[in-house]
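Let me begin by presenting the structure, written as structure tokens, before commenting on it.
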Amino acid sequence: MRKILIVDDQQSYQLLIQQVLHDIDRDLDILTAYDGREALLNIAHSLPDLVITDTYMPNMDGMELIGYLSNLMDRPKIIVLTVNQMEPDRRAGLFGSPNNKAVDFSISKDRIESDLHTVVVDCLALHYEQ
């Protein structure tokens, strides 16, 4: 069973993402975390196949979480949720070099409903029949 961790301090986004994921596959194991610290506690117990994280959160933001995940030997796939007004240098820091990417995909929060389905299917190489 594929395990996905959603990291966002806004419950409305967590619920929206869960809905999209359940539309893809009801058998996905979906975990949630309020911030990067809580996410690391979840990851310490069981490494997910995919992490979907916001960038701006209290305690530990998404950029710091991505930094920790980048150092793992078996790094999960990472989808980062951004906002349109994200600073250019912060956005550029998400993607590192072509051989050492910090994240796999970036989606604007205002495009979750339209883009997340396709990105998750591609990221996990799921076979999806409509």
- Query: Where residues in the stretch 21-39 are under 13 Å from the mean Cα position of the chain (by Cα) and either modelled with pLDDT under 95 or in a helix (DSSP H, G or I) (or both), which of them is farthest from Tyr68 (Cα to Cα)?
  - Reply: Leu21
- Those residues of the stretch 14-24 which are of a type outside the set (A, V, I, L, M, F, W, C) and surrounded by 18 or more Cβ atoms within 10 Å (Cβ to Cβ), in sequence order: Gln14
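The values are calculated or read from the model by the stated rules, or taken from the named source; none is laboratory data. Nothing here was measured: the structure is a model prediction, and the numbers come from that model. Neighbour counts are summed over all protein chains in view; Cβ atoms, including those assigned to glycine, are modelled from backbone coordinates with ideal geometry.
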